[in-house]
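The values are calculated or read from the model by the stated rules, or taken from the named source; none is laboratory data. The shown structure was predicted, so the numbers you read here are calculated from the model rather than taken from an experiment. Using ideal geometry, Cβ is built from the backbone for each residue, glycine included, and neighbour counts are taken over all protein chains shown.
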């Protein structure tokens, strides 16, 4: 989401800060800012809404210079996209702060600070940090102690960097729930929310742990744990040899992006999902006022994004107690549809420029929908600009035409929408707790599943001479089967169809023979026994099956069935996890078929024409 860069050096750090922000653009943002201490130890700040380049152009036109500085790219939660809400935030022209995360008790702190005479000029929770630190400095001359005292009063997640013009040769940083990394240089040191931001200036990093507070000068780094004890954290030498647009040692962008999914899902959850659930404002400043009245959701999307919407329908109706329809955008825009009362239109798109989806949004604005929301991977895109609410998926640049990490982050966002709507519609407390815990475990489960890559690569060899295939799933795994079929046809050019398993006997069984591989997704859920009956229907007709099954589901490989055992996962997150092996299967089959994996024939990454 947001990006942080900071530096303490003997050289002008402005160019370092700007380059760091550019390297963090993949995270998603809507404004950017820089603050430095100049030669007279005065705080100089420049902020802009929009792209980092707009900030860079403004600095080029009116140069600023400083040896200590902080910079930030913001994705709006508290307060709209305005220059006043952009970071860094000041207090009394003395303290400057950048911050990732959410201070959950900021409103009560804000009232207390107002009572102490502090004037707030933004709608953000971050400005509370600046004023609280400045307030603490009234009783200590140590910036470190002031920050330690201030953060003890905060509830929520934060990665924050603080600069004091009266102590100009240091920054103090604090981490709770939102990662920060210290970059070590020679007579200069740096701080960032992601080491990618600092690769041009250092390869040596210290990763702060939960609760750490650190004091950073040009020549020294002192780190204190959550109990205030000074500690040593290990120094890591980075071997990262690529930027977001490089393949990074992978054969194809698609394979790189498949393996990035634990990281991008973690980024998408970070600062948004707490142990208590989600704050509706992660969807926009107006979200709470809108979502509390939603009684129906209409999802409109195309291709892979349509499959994510199909999956979300199961979640929204089962857990959030909200009715949901899902429609292909190219169909929705050309028919008259019934608009339910208190209906929210949700568009889903990787690029935010998908022509049919954008046209559907514009049509809906005159059709009686109470509001619109987009789930998108590109800030500043048309869908984001034209929707009332927006959730940025933080998948980063996805270069492979066949969507992978954009899909799983869309599903992640849709599950958080389910939680947000559920809190206004009497979601069962047990379900709420179960979803929150399952989502926290999701990145680790994706990593476990990626470990099956070698086994899936061997399995793919059995598809070398195949021209057709069937994918089967039940319940919320049916859209995952649809996505698996789409991936296989997109990049290997094998004709593939997906069916809800219960539909086999209504026609598709006629296709079954030993030349028609059948791919089955089989998590250990309440539909498992029904699915096993469908598997027996295929076996009885001489079909060859490839079953991706929960390790506890008790499937056994034999002459007619090859079983790939996946780690046990909660059924709530199983659709996201079971996406991974289907992506890997498609990738390795395409390699065997010799197709252009990243740029399959006849397809484009962003479909901007009807």
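Quick test of your reading of the structure: residue 587 fulfils all but one of (1) in a loop (DSSP other than H, G, I, E, B); (2) at pLDDT 80 or above. Name the failing condition by number.
Exception for residue 587: condition (1).
Here is a list: 481, 460. Which entry is closer than 15 Å to residue 576 by Cα, part of a helix (DSSP H, G or I) and modelled with pLDDT of 90 or more?
The conditions single out 481.
Out of 76, 71, which single residue is more than 24 Å from residue 287 (Cα to Cα), in the same structural domain as residue 147 (by the TED database) and either in contact with a helix residue (DSSP H, G or I) (Cβ under 8 Å, 6 or more places away or on another chain) or part of a loop (DSSP other than H, G, I, E, B) (or both)?
It is 71.
For residue 510, only one of the following conditions fails: (1) surrounded by fewer than 23 Cβ atoms within 10 Å (Cβ to Cβ); (2) in contact with a strand residue (DSSP E or B) (Cβ under 9 Å, 6 or more places away or on another chain). What is its number?
Result: residue 510 passes all but (2).
So residue 254 fits all but one of (1) farther than 25 Å from residue 379 by Cβ; (2) part of a helix (DSSP H, G or I); what number is the exception?
Unmet for residue 254, out of (1) farther than 25 Å from residue 379 by Cβ; (2) part of a helix (DSSP H, G or I): (1).
Among the residues of the range 49-63, is there at least one that is in contact with a strand residue (DSSP E or B) (Cβ under 8 Å, 6 or more places away or on another chain) and either in the same structural domain as residue 276 (by the TED database) or farther than 30 Å from residue 351 by Cβ (or both)?
yes
Please report, ordered by residue number, the strands (runs of 3 or more DSSP E) entirely within the range 491-575 with at least 3 residues that are within 28 Å of the chain's Cα centre (by Cα), at negative phi and without any contact (Cβ under 8 Å) to a residue 60 or more places away in the chain.
In the range 491-575, the matching strands (runs of 3 or more DSSP E) lie at 544-550.
So is residue 472 more than 28 Å from residue 497 (Cβ to Cβ), surrounded by 17 or more Cβ atoms within 10 Å (Cβ to Cβ) and assigned by the TED database to the domain that holds residue 271 or not?
no
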